[in-house]
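One structure follows; several queries about it will come next.
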Amino acid sequence: TATGAGKPPLYKIVMLGDSGVGKTSLVARLTNPDRPLNHDISATMGIEFDTQMLDTPHGKVKAQIWDTAGQERFARVLLPTYFRKAKGVILVYDITNAKSFESLSERWMVQLNDHASSDDLAKLLVGNKSDLEGSREVSREKAQQFCQEYGMEMLETSAKSGENVLKSFEQLIGIVHDRA
Ligand code: GDP
Ligand code: MG
């Protein structure tokens, strides 16, 4: 930034996607890379956020990551607060759950466009649970088509193995930087 070596910028990042796709697990994996995934994490009830300093190729960034419940009714009421001042959004689906992918265009992109000035937001599509290749229901090609349609980039991640988890947050921050 113009002010030079000061405090790292704070970037609010929002997680979106159906319940069960692994949003909370991805954030947990990012903030606790050495902690194995807890298999009975309960569904998120409401809004939580986690702050994590990230040493990205674009410099140090303080990421404030907001995590919501997937489809709980009251989440709707909280959506304006959720998106307020957000710099980036990670749209998550589960590669073993076709419905979670359909929800992106049927629900989450709609809410995103209703509540946030989409042009101001960096977006990244994340297909989680890449460790479950044998149960895949959403092809990479299908996801790439979605990306082309909405002009975003994508990665497949595993909160279980850690594959691409840090990379996806770094990539999103890279997109934020490119827009600034
Ligand atoms: P959320 O509702 O989107 O926050 O999803 P959770 O993080 O609570 O995860 C839902 C379930 O999927 C939990 O049982 C997790 O242990 C499991 N899970 C999350 N990510 C992965 C992953 O990458 N691979 C596998 N195999 N399971 C995962
Ligand atoms: Mg959750």
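For region 154-180, what are the residues that are surrounded by fewer than 15 Cβ atoms within 10 Å (Cβ to Cβ) and in contact with a helix residue (DSSP H, G or I) (Cβ under 6 Å, 6 or more places away or on another chain)?
SER161, the sole residue that qualifies.
Matching residues to (1) over 12 Å from the mean Cα position of the chain (by Cα); (2) touching a residue at least 60 places away in the same chain (Cβ under 8 Å):
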site: TRP66; (1), (2): no, no
site: LYS99; (1), (2): yes, yes
site: LYS142; (1), (2): yes, no
site: GLU156; (1), (2): no, yes
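Sort out which residues of region 121-153 are in a helix (DSSP H, G or I) and surrounded by 12 or more Cβ atoms within 10 Å (Cβ to Cβ), and write them in order of number.
Those that are in a helix (DSSP H, G or I) and surrounded by 12 or more Cβ atoms within 10 Å (Cβ to Cβ): SER130, ASP131, LEU132, ARG140, LYS142, ALA143, GLN144, PHE146, CYS147, TYR150.
When residues of region 88-110 are filtered for being farther than 26 Å from LYS62 by Cα and of a type outside the set (Ser, Thr, Tyr), how many remain?
Total satisfying the criteria: 11.
Taken together, the values in this text are just the output of simple stated rules run on the coordinates, not laboratory data. As the structure is a prediction and not an experimental result, all values here were calculated from the model. Virtual Cβ from ideal backbone geometry, glycine too; neighbours counted across all protein chains shown.
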